[in-house]
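Can you read through this structure? Questions will come right after.
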Amino acid sequence: MQPLLLVDFENVQAIDVELVPPDYRIAIFCGANQKSASLDLTSRLQPLGSRVQWHRVSGSGKNALDFHLAFHMGRVLERKEAGEFVILAKDTGYDPLVKHISSLGVPCRRIAAVGELHGSPVAPVVQAPKPLPKGASVPANPELERVKAILAKTQKNKRPRKRSTLTKHVSAMLGNKLPEAKLTALIDSMFKRKLVSEANNVVSYHF
C-alpha cells in the first residue's frame, strides 16, 4: 500500500514537490477561505496526475480543516488504502492524533517540511565552528552526512543537475532552516570534499 501525505494547506503552503518520493500519494486540504494556489505549485503538481487530490473544507470554523483531515485519515485507514500516514503541518495539535494512529500499529508521523520525509525532523541550527588549522582533519558534518544519505537514496537521474537547483534541494531537505551563509558553506563543502563536481554548468555526483 502506498504511503499518504496529508497536507494542511492553511498551515503550510510551501510544498517541495520534487522531494516527495514517487510512491507517495498526496491529499491537500484547503480552507474554505482559500480561493487559489500559486501557479508555480500547481504546475509542479500537474505531472503527478492522479497521485494528487485536492480537498476543500466546506465551512469555516476553528480547527475545521483539522477535523476534515482527521476524518479523511480515518476513512483511508478503515479501507486499508494506505500503509503509512504523514501529516505536513507545523501545528502540534495533530500530535495526539499521530500518537493514537501509531498506537494502532500503523506508521504515522507529522513533519513541518517535505524535506523531513527522508528522516527525522531537523535539529536546531547551531553556530558554525571556527575554521580548522591548516593540515587538521575535517570533522564529520551531521548536516552534510544527512544530505549525502538522502541523495544516495535518490535515483541518479532525479538528482539536481544545476548548482542552483542543488542548493534549493538541500535547503528543503533541511527544512529550509539554514541561514543563507551556512547553506552556501554546506554546498561549497560538498564540492571541496569531492562529493560533487561541476563541468559546463552540470553537477555530477561521486557517490
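The values are calculated or read from the model by the stated rules, or taken from the named source; none is laboratory data. Just so it is clear, the structure is predicted and the values come from calculations on it, not from any experiment. Methodologically, a virtual Cβ is constructed for each residue, glycine included, from the backbone with ideal geometry; neighbour enumeration extends over all protein chains shown.
Scan the stretch 187-200 and tell me whether some residue there is under 20 Å from the mean Cα position of the chain (by Cα) and among the basic types (Lys, Arg). Steps first, answer last, please.
First pass over the stretch 187-200, keeping only residues under 20 Å from the mean Cα position of the chain (by Cα): 187.
Retained after the next criterion (residues that are among the basic types (Lys, Arg)): none.
No, the conditions are met nowhere in the stretch 187-200.
Suppose the filter is modelled with pLDDT under 90, charged (D, E, K, R) and surrounded by fewer than 11 Cβ atoms within 10 Å (Cβ to Cβ); does Lys80 pass it? Outline the logic, then answer.
On the way: modelled with pLDDT under 90: no; charged (D, E, K, R): yes; surrounded by fewer than 11 Cβ atoms within 10 Å (Cβ to Cβ): yes.
No.
Further question on the same structure: Which pairs do you get when a residue that is over 8 Å from Ala112 (Cα atoms), found in the stretch 82-94, comes within reach of a residue that is hydroxyl-bearing (Ser, Thr, Tyr) and not in a strand (DSSP E or B), reach meaning Cβ atoms under 7 angstrom, with the pair 6+ apart or on two chains?
Partner pairs satisfying both residue conditions: Ile87/Tyr94.
Something else about it: Residue under question is Ser120, and the condition is that it be of a type in the set (Ser, Thr, Tyr) and either at pLDDT 85 or above or under 27 Å from Val12 (Cα atoms) (or both); does it hold? Full working, then the answer.
On the way: of a type in the set (Ser, Thr, Tyr): yes; either at pLDDT 85 or above or under 27 Å from Val12 (Cα atoms) (or both): yes.
Yes, satisfied.
On to the next question. Are any of the residues in the stretch 61-82 within 30 Å of Lys156 (Cβ to Cβ), in contact with a helix residue (DSSP H, G or I) (Cβ under 7 Å, 6 or more places away or on another chain) and assigned to a strand (DSSP E or B)?
So the first thing to find is which residues in the stretch 61-82 are within 30 Å of Lys156 (Cβ to Cβ), and the list is 82.
Narrowing the set further to residues that are in contact with a helix residue (DSSP H, G or I) (Cβ under 7 Å, 6 or more places away or on another chain) leaves 82.
Pick out the ones that are also assigned to a strand (DSSP E or B) and you get none.
Checking the stretch 61-82: not a single residue is within 30 Å of Lys156 (Cβ to Cβ), in contact with a helix residue (DSSP H, G or I) (Cβ under 7 Å, 6 or more places away or on another chain) and assigned to a strand (DSSP E or B).
Being closer than 20 Å to Asn157 by Cα and of a type in the set (S, T, N, Q) is the filter here, so list the residues in the stretch 177-204 that pass it. Step through it out loud before you land on a result.
Of the residues in the stretch 177-204, the ones closer than 20 Å to Asn157 by Cα are 187, 190-191, 194-204.
Within the stretch 177-204, Ser197, Asn200, Asn201, Ser204 qualify.
Taking Met1 and the conditions (1) touching a Gly at 6+ places or on another chain (Cβ under 6 Å); (2) closer than 29 Å to Lys177 by Cβ, which numbered condition does it fall short on, given that it satisfies the others?
Among (1) touching a Gly at 6+ places or on another chain (Cβ under 6 Å); (2) closer than 29 Å to Lys177 by Cβ, Met1 violates only (2).
For Gly93, indicate whether it is part of a helix (DSSP H, G or I), at pLDDT below 95 and on the phi < 0 side of the Ramachandran plot.
yes
Identify all residues within the stretch 1-47 that are outside any loop (DSSP other than H, G, I, E, B), at pLDDT 90 or above and aliphatic (A, V, I, L, M); write none if there are none.
Leu4, Leu5, Leu6, Val7, Ile26, Ala27, Ile28, Leu45
Out of Leu6, Leu45, report the one residue that is crowded, with 18+ Cβ neighbours inside 10 Å and over 23 Å from Leu151 (Cα atoms).
Details: Leu45 fails: over 23 Å from Leu151 (Cα atoms).
Going through Leu6, Leu45 in turn, just one is crowded, with 18+ Cβ neighbours inside 10 Å and over 23 Å from Leu151 (Cα atoms): Leu6.
Taking the stretch 51-72 only, how many residues are free of Cβ contacts under 8 Å to residues at least 60 places away in the same chain and either closer than 19 Å to Leu88 by Cβ or buried (at least 18 other Cβ atoms within 10 Å of the Cβ) (or both)? It would help to see each step written out before you state the result.
Let us first name the residues in the stretch 51-72 that are free of Cβ contacts under 8 Å to residues at least 60 places away in the same chain, namely 51-68, 70-71.
Next cut, either closer than 19 Å to Leu88 by Cβ or buried (at least 18 other Cβ atoms within 10 Å of the Cβ) (or both) only: 51-57, 63-68, 70-71.
Count: 15.
On the basis of being of a type outside the set (D, E, K, R), modelled with pLDDT of 90 or more, surrounded by 14 or more Cβ atoms within 10 Å (Cβ to Cβ) and not in a loop (DSSP other than H, G, I, E, B), does Ile150 make the cut? Let's see the steps before the verdict.
On the way: of a type outside the set (D, E, K, R): yes; modelled with pLDDT of 90 or more: no; surrounded by 14 or more Cβ atoms within 10 Å (Cβ to Cβ): yes; not in a loop (DSSP other than H, G, I, E, B): yes.
When the stated conditions are applied, Ile150 does not pass them.
On the basis of being modelled with pLDDT of 90 or more and surrounded by 12 or more Cβ atoms within 10 Å (Cβ to Cβ), does Leu88 make the cut? Lay out the reasoning, then the answer.
Values: modelled with pLDDT of 90 or more: yes; surrounded by 12 or more Cβ atoms within 10 Å (Cβ to Cβ): yes.
So Leu88 passes the test.
Step by step: first the residues of the stretch 18-40, then only those that are surrounded by fewer than 17 Cβ atoms within 10 Å (Cβ to Cβ) and under 21 Å from Met173 (Cβ atoms), then the one that is farthest from the chain's Cα centre (by Cα). Which residue is that? Please lay out each step first, then the result.
If we filter the stretch 18-40 for residues that are surrounded by fewer than 17 Cβ atoms within 10 Å (Cβ to Cβ), which is where we start, we get 18, 21-23, 32-40.
Now drop any that are not under 21 Å from Met173 (Cβ atoms), which leaves 18, 21-23, 40.
Values: Glu18: 9, Pro21: 9, Pro22: 13, Asp23: 14, Asp40: 17 Å.
My answer is Asp40.
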